[in-house]
Amino acid sequence: MQNVYFNHDGGVDDLISLFLLLNMENIKLTGVSVIDADCYIEPATFASRKIIARFGDGRLETTMSKERGKNPFPKDWRMHAFFMDALPILNEKKELAPLSDKEAYEHLIEKVMVEKEKTTLLFTGPLTDLAKAIQTEPSIIDKIERLVWMGGTYRSEGNVHEPEHDGTAEWNAFWDPEAVGIVFDSSIEISMVALESTIQVPLTTDIRQIWADQREFEGVDFLGVSYAVVPPLKHFVTNSTYYLWDVLTTASLGKPELVKSKMIQTGVYTHGPAQGRTYEMENGRPVTVVYDVDHDGFFEYITSLAKKVKA
Ligand code: AGV
Ligand code: CA
C-alpha cells in the first residue's frame with residue numbers, strides 16, 4: 001500500500017484520475033485538494049466530493065486551495081468542471097464526502113505529517129500549493145516519497161498558445177512558473193509526466209468507441225460520458241485537442257511498468273516570453289521524465305479499473 005496525496009485542478013482528466021485512484025488496490029489516498037487553475041473551483045470541489053462519495057471511501061477529505069496563478073487558463077476549458085459536477089451519475093444519491101476548511105497547502109502538510117510512512121504526492125495541475133507547503137513547513141520534505149507531476153515538456157513545442165508567449169511551455173508550468181522553480185530548488189525526488197509521453201495518448205474516436213461498447217459497466221459509461229465534453233483528435237491537432245495527460249500520470253503511479261523514464265537535468269524559466277518552459281541544462285536539477293508509454297496497455301488498464309464499477 002502506498003500513501004498518496006492528490007492535488008488537482010478539476011479538469012475532466014483530473015476528475016477521472018480521482019475516480020481511477022479510488023479503484024486502485026495498491027493505493028491509499030490520504031487527502032485531496034483542488035486548485036482554481038484549469039477549472040472553476042466550486043463545481044470542481046463538489047464533483048470531487050461526489051466522486052469520492054460514490055466510488056470511494058466516504059470519509060476521505062477534500063479541500064479548496066486559495067492560491068491564484070500568474071497566467072489564467074482559458075475560460076472554455078475551465079467550464080468543463082460545471083459539466084462534470086452536473087452529471088446525473090454523480091447526483092443520483094445526493095451524497096457528498098467531507099470538505100475540510102483548511103487551505104490546500106495546510107491540508108497537504110497535515111496529511112503528510114500525520115502518516116507514519118512516507119507519502120507520494122500526485123499533482124495534476126500547477127505546483128502552487130506544494131511550493132507554499134514546502135516554504136511554510138520545510139520538514140515535510142523528509143516525509144515525501146516523491147512527487148509525480150503532470151507538467152512541463154522538453155520538446156521544442158509546448159501547449160501554450162497565448163499572446164506574449166513563445167509557445168514553448170506546458171500549461172501547468174505556465175500557470176505558475178515560480179512554483180515550479182521553488183519545487184525544483186527543493187530536494188524532493190520528482191517524476192514528471194511531460195508532453196513527450198502524453199502526446200502518445202490522445203483522445204480519439206476509436207477510444208471513445210471502446211468505452212461506448214462497454215457502457216454496461218457503470219464505470220466505463222462514466223469515462224465515456226465525461227470525455228464527451230471534449231473534442232477528439234481527428235484531422236489535426238488544435239488548441240482544444242484533448243490528451244489523457246493526467247490519467248496517464250495517475251496510471252504511471254498505479255502501474256509503473258506502463259511507462260519508460262529517463263533522467264534529465266533541468267531548469268525552468270520563471271519570467272519573460274518562455275515563462276514556464278522547462279529545459280535541459282548541464283548540472284541542472286535532476287528529474288525523471290516519462291518519455292514513452294505502452295499505448296494499448298494504458299487504455300486496457302484504465303478501462304479495466306473502470307470496469308470494477310458495475311451498474
Ligand atoms: O497541459 C495539460 C494539463 C493537464 O493537467 N491541462 C489539462 C490537463 O488536466 C491543461 C490543458 C492543456 N490543453 C488543454 C488543457 C485543453 N485543450 N483543454 C483543457 N485543458
Ligand atoms: Ca489538470
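The values are calculated or read from the model by the stated rules, or taken from the named source; none is laboratory data. Everything quoted here is computed from the prediction, not taken from an experiment. Every residue, glycine as well, gets a Cβ built from its backbone with ideal geometry; the counts of neighbours run over all protein chains shown.
Listed by first and then second residue, the pairs with beta-carbon distance under 8 Å, at least 6 apart or on different chains, first residue in region 7-28 and more than 9 Å from ligand 2 (Cβ to nearest atom), second acidic (Asp, Glu), are ASN7/ASP129; ILE16/ASP246; LEU22/ASP57. Would you mind stating whether LYS70 is basic (Lys, Arg) and under 20 Å from the mean Cα position of the chain (by Cα)? The answer is yes for LYS70. Residue count for region 53-64 satisfying the condition of being more than 22 Å from LEU223 (Cβ to Cβ) and surrounded by fewer than 22 Cβ atoms within 10 Å (Cβ to Cβ): 3. Please find, within region 202-230, the residue that is surrounded by the most Cβ atoms within 10 Å (Cβ to Cβ) out of those that are in contact (Cβ under 8 Å) with a residue 60 or more places away in the chain and farther than 18 Å from LYS307 by Cα. So, considering only residues that are in contact (Cβ under 8 Å) with a residue 60 or more places away in the chain and farther than 18 Å from LYS307 by Cα, the one surrounded by the most Cβ atoms within 10 Å (Cβ to Cβ) is VAL230.
In this structure, does LYS50 turn out to be more than 25 Å from VAL201 (Cβ to Cβ), more than 16 Å from the chain's Cα centre (by Cα) and buried (at least 20 other Cβ atoms within 10 Å of the Cβ)? Here the answer is yes, as LYS50 does meet what is asked. Note on region 231-261: residues that are touching a Ser or Thr at 6+ places or on another chain (Cβ under 7 Å), surrounded by fewer than 18 Cβ atoms within 10 Å (Cβ to Cβ) and either among the β-branched types (Val, Ile, Thr) or assigned to a strand (DSSP E or B) (or both) amount to 1. Checking each residue in region 147-161 for being buried (at least 19 other Cβ atoms within 10 Å of the Cβ) and of a type in the set (S, T, N, Q) picks out THR153, ASN159. Could you pull out the residue among ASP13, ASP38 that is in a helix (DSSP H, G or I), within 15 Å of ligand 1 (Cβ to nearest atom) and of a type in the set (D, E, K, R)? Just one listed residue meets the conditions, ASP13. The combined condition, being out of contact with any strand residue (DSSP E or B) (no Cβ under 8 Å at 6 or more places or on another chain) and at pLDDT 95 or above, is not fulfilled by GLY31. Restricting region 262-299 to residues that are in a helix (DSSP H, G or I) and touching a Lys or Arg at 6+ places or on another chain (Cβ under 9 Å) leaves a set whose member that is surrounded by the most Cβ atoms within 10 Å (Cβ to Cβ) is PHE298.
Applying the criterion of being in contact (Cβ under 8 Å) with a residue 60 or more places away in the chain, out of contact with any Gly (no Cβ under 7 Å at 6 or more places or on another chain) and of a type outside the set (Val, Ile, Thr) to the residues of region 247-268, the residue that is farthest from ligand 2 (Cβ to nearest atom) is SER261. Listed here are the strands (runs of 3 or more DSSP E) enclosed by region 41-158 that have at least 2 residues being closer than 30 Å to ASP292 by Cα and more than 14 Å from ligand 1 (Cβ to nearest atom): 119-123, 144-150. A single entry from PHE222, PHE174, PHE217, PHE184 fulfils the requirement of being within 16 Å of ligand 2 (Cβ to nearest atom) and not polar (S, T, N, Q): PHE174.
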